[in-house]
Amino acid sequence: MECATSRSTTYAGCRAERRRNSSPSRRGDELERLVLRLDPPEGIVETCRHREAEVFGAMAGRVPTPAVRFLDGDGSHLGAPGIVTSFIPGVTTPPVDATLVSGVGTTFTQEWRQRLVPQFLEFLTRIHGTDWRSSDLPHFTAPTAHPRQAALWQVNWWSRVWRDDQVDPYPLITLAERWMRERLPAIHAESDDLVLLHGDYRTGNFMFDPDSGRFTAVLDWELAHIGDFHEDLGWILQRLFAGPAEDGEVLACNLMTRDELLDRYQAATGRTVNPRTLAFYEVLAAYKCAVMNLGTGYSAAIRGHNHQDVLLSFLAPVGHVFLGEIASIIEREGEL
């Protein structure tokens, strides 16, 4: 089923919008604190409130997520597409840490990593282990027409967004699109490798109790879709979300090394990571973020269509980090 999508603010640092709009509401004889997420006129990425509500339902009992209290997918009641969910307490960074943009520059001590890494991997494998075929996901469509459709849909979508929203042309973005189209990886729909993806799984998009360290919620499901499991891994490995350990070693999402992530994921799921396929999705991840920062987010800020236009303008130069990542991955693959 097609879904009328809307430009929704969904990126690192934009969680203040949801927290600010949380307030107590009466439920029976009790007050319940709720969170209202209301779409701005234009955000950094195109998303759908129907899909967000459906994935919350699919994850219930598997992964800690907010519960949907009210859905206005087309904005007929709220004036813009919106969703009301339960409020879940927790933090996205250790109490002593403070970052401008959630998930960027976050640092964890070894003690915190020991608490968080097992949960991070556990919930990733639970998401990918969801039986999406039997879940109630009417606004989701599975890429089953041919083996390369999962990758092709993503390249088609984000390249179209770039053409619609670009402010200035960047030859490297054009090169990346061509590179990906020439190397679309195949996936067989009959296998369990076609999974439900979170789409933005990383540090900053999970909350935990500041005392116990237990996960309280996995957030920001707006980019969830059905596709290749390599796609979430490629996103987790993005350089902007990485950080150094005490000895200077680079940690994916400031949590674990690249090899540890891949080894532990394969051990937990029984899947085999294909290095060539992973490289494709690493380029795709950087490409998507470059489009968001240098295209959609920047153009929304210029037009004054987002209440966080100052932040989106600030984030625009971050797009060059992703361009650098695209170049380094392609060079690493020896195909530039």
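Quick rundown of the values:
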{"item": "Test: residue in the range 178-192 that is of a type in the set (A, V, I, L, M) and in a helix (DSSP H, G or I)", "result": "yes"}
{"item": "Selection within the range 253-278 - of a type in the set (Ser, Thr, Tyr), more than 19 Å from Gln119 (Cβ to Cβ) and open to solvent by 30 Å² or more (accessible area, probe 1.4 Å)", "result": "Thr272"}
{"item": "Residue list for the range 220-252, filter: open to solvent by 30 Å² or more (accessible area, probe 1.4 Å), outside any loop (DSSP other than H, G, I, E, B) and either farther than 22 Å from Arg276 by Cβ or in contact (Cβ under 8 Å) with a residue 24 or more places away in the chain (or both)", "result": "Arg239, Leu240, Pro244"}
{"item": "Scope the range 104-130; condition assigned to a loop (DSSP other than H, G, I, E, B) and modelled with pLDDT under 95; matching residues", "result": "Val104, Gly105, Thr106, Thr107, Phe108, Thr109"}
{"item": "Some residue of the range 282-293 being assigned to a helix (DSSP H, G or I), more than 25 Å from Met180 (Cα to Cα) and either open to solvent by 10 Å² or more (accessible area, probe 1.4 Å) or modelled with pLDDT under 95 (or both)", "result": "no"}
{"item": "Failed item in (1) modelled with pLDDT of 95 or more; (2) under 23 Å from Pro40 (Cα atoms); (3) surrounded by 15 or more Cβ atoms within 10 Å (Cβ to Cβ), with Val101 passing the rest", "result": "(1)"}
{"item": "Members of the range 77-95 found to be within 23 Å of Thr203 (Cβ to Cβ) and open to solvent by 50 Å² or more (accessible area, probe 1.4 Å), listed by number", "result": "Phe87, Pro89, Pro95"}
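Table: residues versus (1) touching an Asp or Glu at 6+ places or on another chain (Cβ under 8 Å); (2) among the acidic types (Asp, Glu); (3) surrounded by 17 or more Cβ atoms within 10 Å (Cβ to Cβ).
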residue: Pro118; (1), (2), (3): no, no, no
residue: Leu124; (1), (2), (3): yes, no, yes
residue: His128; (1), (2), (3): yes, no, yes
residue: Pro138; (1), (2), (3): yes, no, no
residue: Ala151; (1), (2), (3): yes, no, yes
residue: Ser159; (1), (2), (3): yes, no, yes
residue: Gln166; (1), (2), (3): no, no, no
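The values are calculated or read from the model by the stated rules, or taken from the named source; none is laboratory data. Here the structure is a predicted model, which is why all the values come from computation and not from measurement. Cβ atoms come from the backbone with ideal geometry, glycine included; neighbour counts cover every protein chain shown. These accessible areas exclude ligands, DNA and RNA; they are computed on the full protein's heavy atoms, side chains included. Shrake-Rupley method; radii C 1.70, N 1.55, O 1.52, S 1.80 Å.
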